[in-house]
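Comments concern the structure below.
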Amino acid sequence: MNRAQRLAVRIPFIGWQAHISSERLENTQAKIANMSTGGAYLITQAEYEPGSIVTLWIRSSKMSFFVTAQVLRNDPFGIAVYFLDLCESTKCSISEIITRFLSRRKPEKFVIERTSMDVENNLELNCNL
């Protein structure tokens, strides 16, 4: 999946935890950096081969769910995964959390300030899937 194919809005899910298991590694812990209804970026020191299938148990004080995912990339900070079998009710719950998060901000002001700062400082923070 390349950047052009990323259609889902991702937001930070601070404080959310994930347990990752695969055929190669059992029960690695990770923190969620960001998530959408399509996938997530997990902060972990464990290395997973791109293309490998993992099982995630994602939990927070708001919800908890299991999902099968495919590893899209592995970098020094963590892994990006694409959800393969996220159930519709969980997808709706994540969408609702994202909508609430976005409605708390003033999008026009945030985008303008963030863009001008990034251009001036040549700083690019990328936690996208």
Going through segment 78-114 in order, the residues found to be at pLDDT 95 or above and more than 16 Å from Ser36 (Cα to Cα) are Gly78
Sole miss for Leu86 among (1) exposed (fewer than 15 other Cβ atoms within 10 Å of the Cβ); (2) part of a loop (DSSP other than H, G, I, E, B); (3) of a type outside the set (D, E, K, R) is condition (1)
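The values are calculated or read from the model by the stated rules, or taken from the named source; none is laboratory data. All values reported here derive from a predicted model rather than from experimental measurement. For neighbour counting, all protein chains shown are included, and Cβ atoms are generated from backbone atoms with ideal geometry for every residue, glycine included.
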